[in-house]
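Novice: Below you will find the structure I want to go over with you.
The values are calculated or read from the model by the stated rules, or taken from the named source; none is laboratory data. Just so it is clear, the structure is predicted and the values come from calculations on it, not from any experiment. Glycine also receives a Cβ, built like all others from the backbone with ideal geometry; neighbour counts cover every protein chain displayed.
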Amino acid sequence: MVPASASTSRTTDVSAAGPARTQLRVGRLVKAHGLKGALKLELYTDDPDRRFVPGAVFTLQVPESSPWHGKTLTVREFRWMNSHPVVFFEELEDRSGAESIVRAILWIDDDAASDEDDAWYDHQLVGLRVLRDGEEVGRVVRVEHLPAQDLLVVRPGSADTEILVPFVAAIVPEVDVAGGTVTVTPPPGLFEELPGDENEDAPETDPVAPPVTAED
């Protein structure tokens, strides 16, 4: 299997107005750029030049209070400026319009984008057994999609606690959906207390203090 990546993720949207559709998350709008409605992008895809072609239509993940809630954006132009990806949309003509949509996450219908080997549907990941050094340490109970990265929420055994595992190749090197497992190589302390943590509340003692004796 290929390494896990935080660059792409998929979700299934079920609307009362129509059948379920699967979408691919491809980027986040970071900040307005210039005066003509351009925006700098944080990319969640390995192939932005194909995703952001003129005419590509994106749905928006924004708060319900946003005036952009339920609307779409259509790419007018995509370019690289000083190694930064920048996109222009048909619906945005000036900087104030661009600033009104900063931090929105862009999703595209999956049938409009090619499959990527390192992307999985949420329902494919939920329920997978989490292995570390070949031993099961929990199961994936859900996937959290954050602006910076995706997180696997893992529940260890029968415990009520949940562990947030960054879904990046360095920590999740292998996902085997067919085998029902996901392999993790977590840093120390993610799945267990670090040595000495259990003694943090113990009173401090002075090993060199002289014994107390009764005075005559």
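Novice: Hey, among the residues in segment 1-59 that are hydrophobic (A, V, I, L, M, F, W, C) and at pLDDT below 80, which one's nearest to I105 (Cα to Cα)? Spell out the reasoning first.
Specialist: Within segment 1-59, the first condition is being hydrophobic (A, V, I, L, M, F, W, C), and the residues that meet it are 1-2, 4, 6, 14, 16-17, 20, 24, 26, 29-30, 32, 35, 38-39, 41, 43, 52-53, 56-58.
Pick out the ones that are also at pLDDT below 80 and you get 1-2, 4, 6, 14, 16-17, 20.
Numbers: M1: 28, V2: 25, A4: 20, A6: 14, V14: 18, A16: 22, A17: 22, A20: 20 Å.
So, considering only residues that are hydrophobic (A, V, I, L, M, F, W, C) and at pLDDT below 80, the one nearest to I105 (Cα to Cα) is A6.
Novice: Now for a separate question. Within segment 131-170, which residues are out of contact with any strand residue (DSSP E or B) (no Cβ under 7 Å at 6 or more places or on another chain), more than 29 Å from Q61 (Cβ to Cβ) and of a type in the set (A, V, I, L, M)?
Specialist: Correct list: A159 only.
Novice: If only one of P67, P147, P85 is part of a loop (DSSP other than H, G, I, E, B) and modelled with pLDDT of 90 or more, which one is it?
Specialist: Step by step, each of P67, P147, P85 is checked, and only P67 is part of a loop (DSSP other than H, G, I, E, B) and modelled with pLDDT of 90 or more.
Novice: Select from segment 150-177 the residues that are surrounded by fewer than 18 Cβ atoms within 10 Å (Cβ to Cβ) and among the hydrophobic types (A, V, I, L, M, F, W, C) and write down the one among them that is modelled with the lowest pLDDT.
Specialist: Per the criteria, the residue is A159.
Novice: Regarding segment 112-121, can at least one residue be identified that is among the charged types (D, E, K, R), modelled with pLDDT under 80, surrounded by 13 or more Cβ atoms within 10 Å (Cβ to Cβ) and part of a loop (DSSP other than H, G, I, E, B)?
Specialist: So far as segment 112-121 goes, yes, one or more of its residues are among the charged types (D, E, K, R), modelled with pLDDT under 80, surrounded by 13 or more Cβ atoms within 10 Å (Cβ to Cβ) and part of a loop (DSSP other than H, G, I, E, B).
Novice: Would you be able to say whether some residue in segment 183-206 is in a strand (DSSP E or B), surrounded by 12 or more Cβ atoms within 10 Å (Cβ to Cβ), touching a helix residue (DSSP H, G or I) at 6+ places or on another chain (Cβ under 9 Å) and modelled with pLDDT of 90 or more? Before you say what the answer is, go through the steps one by one.
Specialist: From segment 183-206, those in a strand (DSSP E or B) are 183; that's our starting set.
Then drop every residue that is not surrounded by 12 or more Cβ atoms within 10 Å (Cβ to Cβ), which leaves 183.
Filter once more, keeping what is touching a helix residue (DSSP H, G or I) at 6+ places or on another chain (Cβ under 9 Å): none.
Checking segment 183-206: not a single residue is in a strand (DSSP E or B), surrounded by 12 or more Cβ atoms within 10 Å (Cβ to Cβ), touching a helix residue (DSSP H, G or I) at 6+ places or on another chain (Cβ under 9 Å) and modelled with pLDDT of 90 or more.
Novice: Of the residues G127, G180, G138, only one is modelled with pLDDT of 90 or more, buried (at least 18 other Cβ atoms within 10 Å of the Cβ) and among the small types (G, A, S); which?
Specialist: G138
Novice: Residue check: is V102 under 23 Å from the mean Cα position of the chain (by Cα), among the aliphatic types (A, V, I, L, M) and crowded, with 18+ Cβ neighbours inside 10 Å?
Specialist: No: the conditions fail for V102.
Novice: Give all pairs with beta carbons closer than 7 Å in which a residue from segment 68-93 that is surrounded by 14 or more Cβ atoms within 10 Å (Cβ to Cβ) meets a residue that is β-branched (V, I, T) and not in a strand (DSSP E or B); count only pairs at least 6 apart in sequence or on separate chains.
Specialist: Qualifying pairs under 7 Å: W68/V62; W68/I101; V75/V53.
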